[in-house]
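Chemist: Below are the structure tokens for one structure; questions will follow.
The values are calculated or read from the model by the stated rules, or taken from the named source; none is laboratory data. Remember, predicted model here, so these are calculated numbers, not experimental data. Reconstructed Cβ throughout: ideal geometry from the backbone, glycine too, with neighbour counts over all protein chains shown. Accessible surface areas use protein heavy atoms only, side chains included; no ligands, DNA or RNA. Shrake-Rupley method; radii C 1.70, N 1.55, O 1.52, S 1.80 Å.
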Amino acid sequence: MRIKTTALILLLVLLMTSGCMKKEDQTAVQTAPILSFSTDKAENIKFVRTKNYDGLALKEYTDTTYSYEVTPDGKLMTVYLRNAPSAITTVVAKKEEILLKAEDALKRLDFDLEEFETKVSFDETRKQYKSTSRQKKGEFFTGNNVYIQYTADGTLVSISMKYENPSVLDTVDKITLDKAKEIVMNYFATNTLTQKYAPLLTKELIRHEVDVYNNKKVYNLYFTLQSDDFGIFDFTYVVSTETGIILYRKELR
């Protein structure tokens, strides 16, 4: 009986030790991308809590400057400034400076700069810069994007990552690009809000990209229309290459 009890105790100790090691390994996996980005030492990386977004569990960590949200398997999802900038600055950084900052952030996030196309825009209303970095596979976009917000003077406010499966690009198109343009033009001509402007739209005006959206291979279709009636309007439509369904649309003046 004593032997059985001793064996049981040893088994419990082994299980507890194994559990501790597993937890340590998980922490190491989760903090690895944070340590790659952060300029702090490892001892400054602190676990805060577990969050749940639409069934996805995220682990929140902090260093002395930023908060981080990472998946249990170590995929970094967001980085954001812990404390808002204390004052509104009158200094406005140049777009070239923001581009350099965005590229530096990508390198710190362990992304390959050569795989990404980055564009910078400035929001006059919010007085903020935004950089959008999109990963490419040949001529196509993979859907893996990095969005970074900066204050006007170039202070990093937040980073968010969008992940897709690039292998979706290898699927065979059931809808041709020409057909996708026809679908958008037909929608434009029959929608009550846009039909009166349909005569302005031709296939030649529609620009396109191949991308991944919600794990689907899609055409991103863009065009700009201008008239004395409504001024300049930019349109974006995302069309599935499999079904021809318009998955997303944006109309901006």
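Chemist: Helix 2-37 versus the longest principal axis of the chain: what angle, 0 to 90°, nearest 10, using Cα atoms?
Modeler: 40 degrees
Chemist: So how far apart, in nm, are the two label points at residue 196 and residue 65 if each is 7 Å from Cα heading toward Cβ?
Modeler: With each label placed 7 Å out from Cα toward Cβ, I get 5.2 nm.
Chemist: Same structure again: Could you tell me how many degrees, from 0 to 90 and to the nearest 10, lie between the Cα long axis of helix 95-108 and the main elongation axis, the longest principal axis, of the Cα atoms of the chain?
Modeler: 40 degrees
Chemist: Tell me which label goes with the value of Rg and Dmax of the Cα atoms in Å computed from the coordinates here: [x] 17.8, 59; [y] 19.7, 64; [z] 24.3, 95.
Modeler: This structure yields the entry labelled [z].
Chemist: Taking only C-alpha pairs under 8 Å that are 6+ residues apart, what is the relative contact order of the chain in percent?
Modeler: 10 percent
Chemist: For the chain, take the longest principal axis of its alpha carbons; what is the angle in degrees between that and the long axis of helix 177-190, to the nearest 10 within 0 to 90?
Modeler: Result, in degrees: 70.
Chemist: If you rank 178, 110 by how much accessible surface each has, with a 1.4 Å probe, what is the order from largest down?
Modeler: Descending order: 110, 178.
Chemist: Please work out the Kirkwood hydrodynamic radius for segment 22-146, using every pair of different C-alpha atoms, and report it in angstroms with one decimal place.
Modeler: 16.4 Å
Chemist: List the residues, sorted by chain then number, that are 5 or more residues from residue 66 or on another chain and whose placed amide H is less than 5 Å from its amide H.
Modeler: Result for residue 66 returns 82.
Chemist: If the reach is capped at under 15 angstrom between alpha carbons, list the aspartates and glutamates near residue 94, excluding any in the same chain fewer than eight residues apart.
Modeler: 103, 123, 124, 153
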